[in-house]
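Peer 1: So that we are looking at the same thing, I have put the structure below in structure tokens.
The values are calculated or read from the model by the stated rules, or taken from the named source; none is laboratory data. Remember, predicted model here, so these are calculated numbers, not experimental data. Neighbour counts are summed over all protein chains in view; Cβ atoms, including those assigned to glycine, are modelled from backbone coordinates with ideal geometry.
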Amino acid sequence: MPRTPSEFAVHLLLEGGHREEVRFATIQDFQKWYSGELVPKAASSDFISVPIKNIQGEYMVVRPSKVLGIRVEPVYSGSVDRY
């Protein structure tokens, strides 16, 4: 039986070598943000908001034209901490 991820870590590679990680509860949440916010404004230098749901009182904005790469990683929670 396949395991179900608890959440998805999305790694954003930004121009200049900066890397940021945000987490989404489901892959559908990520796809909704990606297709609704990032893709339509891909060439824009205006800031867009990146949802950070797991950190209270913090927010992040990026310029879509400066996002060079995205890696989506499923995160499985378990009883053993592997870090």
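Peer 1: Just to be sure I understand, how many residues within the stretch 43-69 are at pLDDT 85 or above, under 16 Å from GLU7 (Cβ atoms) and touching a strand residue (DSSP E or B) at 6+ places or on another chain (Cβ under 6 Å)?
Peer 2: Count: 1.
Peer 1: Quick one: what pairs do we get from the stretch 31-45, first residue over 18 Å from GLU73 (Cβ atoms), second among the polar types (S, T, N, Q) and not in a helix (DSSP H, G or I), C-beta under 9 Å, 6+ apart or different chains?
Peer 2: These pairs meet every condition: GLU37/SER49.
Peer 1: Next question, about the same structure. For the stretch 23-52, which residues satisfy the criterion of being among the hydrophobic types (A, V, I, L, M, F, W, C) and touching a helix residue (DSSP H, G or I) at 6+ places or on another chain (Cβ under 9 Å)?
Peer 2: The answer is PHE24, LEU38, VAL39, ALA42, ALA43, PHE47, ILE48, VAL50.
Peer 1: Just the residues that are assigned to a strand (DSSP E or B), of a type in the set (Lys, Arg) and loosely packed, with under 15 Cβ neighbours inside 10 Å, please, taken from the stretch 1-26.
Peer 2: Correct list: ARG19 only.
Peer 1: On to the next question. Within the stretch 27-59, track down each residue that is surrounded by fewer than 12 Cβ atoms within 10 Å (Cβ to Cβ) and β-branched (Val, Ile, Thr).
Peer 2: VAL39, ILE55
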